[in-house]
Amino acid sequence: MTGGLPAGVPAIEAVDVSRTYQLDGVSVPALRGVTLTVDPGDYLAVIGPSGSGKSTLMHLLGGLDRPTGGRLVIGGRDVGSLTPPELATLRNRTIGFVFQAFHLLSRTSAVDNVALPLVYRGMGARQRRERAAAMLGRVGLGHRLDHRPNQLSGGEQQRVAIARALVTDPTVLLADEPTGNLDTVNGQAVLALLEELNTESGVALVLVTHDNEVAGRARRRIAMRDGVVVSDSAAPPGPAEAAAAGGAEPVGGVR
Amino acid sequence: MRFAEAWRVALDALRANRMRSALTMLGVIIGVASVVVLVAIGTGAKREVERQVEGLGSNLLVVVPGKIDIGAAPAVSRLSLADVDAVTRVVGDPARVAVTVASGETVRAGRRADFTTVQGVLETTPSVFTRQLGRGSYLTASDVDTSRRVAVLGASVAGALFPDRDPIGQQVSIAGVRFRVIGVFAPLGQSLGVDRDDEVHIPVTAAHRLYGTQRIDGIAVKAPDRERIDALGDRIVAELTRRHPDTEFSAVTQQQILGVLGDILGVLTGVLAAIAGISLLVGGVGVSNIMLVSVRERTREIGLRKAVGARPRDIGLQFLLEAVLLTSLGGLLGMALGVGAALAADALSPVPAAITWWSLALAFGVSAAVGIVFGVVPAQRAGRLDPVVALRAE
């Protein structure tokens, strides 16, 4: 399941992407030229301390934000050339988000929360419910369809959010600190679920985290600091990058 | 997003904040209800006046000194009985000419007293105007010719002065002069809060002596038919102008009176509706305010919806429908309240009220429009929210 992309085309391609914020007339660079490719079925972790630009990178990779410099292509479409409605449709078709804070609609049942992205596809109510229920079954919550978020545990809530992210059959699943609000047991279970979905459905999994242990499970690790990528285990690092990587532990595959 | 889906989301949002929705709606409810009630009262008053002017009798021509117009100052009458004779010659039939000279006087019978309008009239009054006697008889030509001190009482004057006796044959004193009661009018009832039975008729000649004047306030002529009414009016005005070259006279028909009164009441209704409209406007501002609060409160929800693929238009539509739903529901409730209040006022008070379909349609249309107008800004604000910023909101 690669969102209908032709073979060999990356799910997301960022070339020298930068993002600068204007705060009271002062330019604050959050990303300073990031080049990165996410291939279909990838499992990569973006790691770095807070303020390193990893959240900004995730917003850009998910099409929630636009770069102020460089070229960003999601699902074969150049983000810079898209209008806000086109970008919304692109998010709906190719990206699934999982947030640290779950972001579930509190007055809405689990199944309706999962079905929400399908609403914006214009899908009928019955079909939405069928697909959402099937997806909840897949994340092990088939018995909790009509529970509201406040009737579910934190781990269950994050499973609902994962089901919502995957119900649209996206190419890339972006998870921003998905275990940050969970205890160790639930956190491990959620990670295991994400990995299982990555293996079974082939959705690319991008995990943003500051937790080295979590990042250590990824097949590929990208370390960020001060708005630049300091190491990418998929690319041979230069000596300077390797030295600057600092906190990021080396994993297998880094030469 | 499908339209029906957007309605459902909007309705859910209103339900989730029941108290706030109800209070916001209250502004619209009051606004719409007051529009409906005030327009109903204005319309009712207009119909009531029309009914009464038509009830005076058909083909009536009223001749008064001065101009008949909105805002014209009443002229001091210089008409006299000699002028009435001249008008009668023009009309050619004394039975078609009535006059009045009116004054507010205290009428006493024993220890009871009643302040009322005492009108000096000719014996022709009941035939020119449609007036019916309840008891006794009306003034005669001989009463007028001889200034006889006889009086015909309106029903409420009779009731006030003689609550437990037959007034016929009793004595009353008007401004200290004794008159004998010879008749009582059949009751006409109230209209627009005015008691139409609060009057006393005496011979015009006796009134002149009583008030120490020779003046006539106005002359009424019953034309033989509708076709000749305007020509007759012109001839009467020409005759009176010949006799009083320096005074202006007007002859007005019921149609003209209806037109003038209709204009006045139309303006009045319009002003009332405008005042009520202002309250509707204030209600609309309240809706706008609450929608802005709602957008702020639900910023994270907006961010999430955008993240999963809602376009700016989808979000805007959701909030716009919420505002329209709020004001439309308020409009419906306001209409129900307004109709109820108008019907109650009509049934339980002297205030006449008539519900018109156009006023209901207008009130509902305006309330829905208020929702659109005052919902657009919050909806646009919601639609344009940056999803990254929205997701980070507290």
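In segment B:322-331, is there at least one residue being open to solvent by less than 30 Å² (accessible area, probe 1.4 Å) and of a type in the set (D, E, K, R)?
Taking segment B:322-331 and keeping what is open to solvent by less than 30 Å² (accessible area, probe 1.4 Å), we get B:322-328, B:330-331.
Retained after the next criterion (residues that are of a type in the set (D, E, K, R)): B:322.
Yes.
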Tell me which residues, restricted to segment B:193-227, are in contact with a Pro (Cβ under 7 Å, 6 or more places away or on another chain) and either buried (at least 17 other Cβ atoms within 10 Å of the Cβ) or modelled with pLDDT of 90 or more (or both).
B:ASP197
Test for A:GLN100: is it in contact (Cβ under 8 Å) with a residue 40 or more places away in the chain and open to solvent by 40 Å² or more (accessible area, probe 1.4 Å)
yes
Residue among B:THR130, B:THR106 that is assigned by TED's automatic domain parsing to the domain that holds B:GLN170, among the hydroxyl-bearing types (Ser, Thr, Tyr) and modelled with pLDDT of 85 or more
B:THR106
Are any of the residues in segment B:275-288 in a helix (DSSP H, G or I) and within 14 Å of chain A (Cβ to nearest Cβ)?
no
So, B:ARG313, is that one without any contact (Cβ under 8 Å) to a residue 60 or more places away in the chain and assigned by TED's automatic domain parsing to the domain that holds B:LEU38 or not?
no
Yes or no: B:ALA175 touching a Lys or Arg at 6+ places or on another chain (Cβ under 9 Å) and surrounded by fewer than 20 Cβ atoms within 10 Å (Cβ to Cβ)?
no
Considering each residue of segment A:66-94, count those that are within 12 Å of chain B (Cβ to nearest Cβ), in contact (Cβ under 8 Å) with a residue 60 or more places away in the chain and open to solvent by less than 10 Å² (accessible area, probe 1.4 Å), and give that number.
1
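Filter segment A:95-124 down to residues that are in a strand (DSSP E or B) and either out of contact with any Gly (no Cβ under 6 Å at 6 or more places or on another chain) or at the interface with another protein chain (Cβ under 7 Å from one of its Cβ atoms) (or both), then give me how many there are. Let's see the steps before the verdict.
Looking only at segment A:95-124, we keep the residues that are in a strand (DSSP E or B), and these are A:95-98.
Subsequent filtering for residues that are either out of contact with any Gly (no Cβ under 6 Å at 6 or more places or on another chain) or at the interface with another protein chain (Cβ under 7 Å from one of its Cβ atoms) (or both) retains A:96-98.
The total comes to 3.
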Looking only at segment B:77-92, which residues are free of Cβ contacts under 8 Å to residues at least 40 places away in the same chain and of a type in the set (Asp, Glu)?
B:ASP85
Under 9 Å between Cβ atoms, which residue pairs at least 6 apart in sequence (or on different chains) link something in segment B:296-307 that is within 7 Å of chain A (Cβ to nearest Cβ) and under 9 Å from A:LEU105 (Cα atoms) with a partner that is in a helix (DSSP H, G or I) and open to solvent by less than 20 Å² (accessible area, probe 1.4 Å)?
B:GLU301/B:ALA390; B:LEU304/A:LEU116; B:LEU304/B:PRO387; B:LEU304/B:ALA390; B:LEU304/B:LEU391
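Can you confirm whether A:PRO49 is within 24 Å of A:GLY202 (Cβ to Cβ), open to solvent by 40 Å² or more (accessible area, probe 1.4 Å) and not hydroxyl-bearing (Ser, Thr, Tyr)?
no
Return the total of residues in segment A:132-150 being of a type in the set (Gly, Ala, Ser) and either open to solvent by 60 Å² or more (accessible area, probe 1.4 Å) or over 22 Å from the mean Cα position of the chain (by Cα) (or both). Give the derivation first.
Let us first name the residues in segment A:132-150 that are of a type in the set (Gly, Ala, Ser), namely A:132-134, A:137, A:140, A:142.
With either open to solvent by 60 Å² or more (accessible area, probe 1.4 Å) or over 22 Å from the mean Cα position of the chain (by Cα) (or both) added as a condition, the list becomes A:133-134, A:142.
Count: 3.
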What helices (runs of 4 or more DSSP H) lie completely within segment B:305-394 and have 1 or more residues being more than 30 Å from A:ARG93 (Cα to Cα)?
B:312-348, B:357-384
Can you find a residue in segment B:370-391 that is free of Cβ contacts under 8 Å to residues at least 12 places away in the same chain, charged (D, E, K, R), closer than 30 Å to A:ARG121 by Cα and within 14 Å of another protein chain (Cβ to nearest Cβ)?
yes
Give segment B:198-232 a look and list any residue that's closer than 22 Å to B:THR130 by Cβ, touching a Ser or Thr at 6+ places or on another chain (Cβ under 7 Å) and not in a loop (DSSP other than H, G, I, E, B), or say none.
B:GLU199, B:VAL200, B:HIS201, B:PRO203, B:ILE216, B:GLY218, B:ILE229
Is one or more of the residues making up segment B:87-102 farther than 30 Å from B:ARG243 by Cβ and either touching a Gly at 6+ places or on another chain (Cβ under 8 Å) or open to solvent by less than 30 Å² (accessible area, probe 1.4 Å) (or both)?
no
Test: residue in segment B:343-350 that is hydrophobic (A, V, I, L, M, F, W, C), farther than 26 Å from B:ILE290 by Cβ, in contact with a helix residue (DSSP H, G or I) (Cβ under 6 Å, 6 or more places away or on another chain) and surrounded by fewer than 24 Cβ atoms within 10 Å (Cβ to Cβ)
no
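Select from segment A:153-195 the residues that are among the hydroxyl-bearing types (Ser, Thr, Tyr) and out of contact with any Gly (no Cβ under 6 Å at 6 or more places or on another chain) and write down the one among them that is least open to solvent (accessible area, probe 1.4 Å). It would help to see each step written out before you state the result.
Within segment A:153-195, the first condition is being among the hydroxyl-bearing types (Ser, Thr, Tyr), and the residues that meet it are A:153, A:168, A:171, A:179, A:184.
When the remaining residues are screened for being out of contact with any Gly (no Cβ under 6 Å at 6 or more places or on another chain), the result is A:153, A:168, A:184.
Details: A:SER153: 53, A:THR168: 7, A:THR184: 105 Å².
Only one residue fits best here, namely A:THR168.
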Only one of B:GLY365, B:GLY334 is open to solvent by less than 40 Å² (accessible area, probe 1.4 Å) and without any contact (Cβ under 8 Å) to a residue 60 or more places away in the chain, namely B:GLY365
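The values are calculated or read from the model by the stated rules, or taken from the named source; none is laboratory data. Owing to the predicted nature of the structure, the values given are computational and were not obtained by experimental measurement. Please note: Cβ atoms are built from the backbone with ideal geometry, for glycine as well, and neighbour counts cover all protein chains shown. With ligands, DNA and RNA removed, areas are computed over all heavy atoms of the protein, side chains included. Shrake-Rupley method; radii C 1.70, N 1.55, O 1.52, S 1.80 Å.
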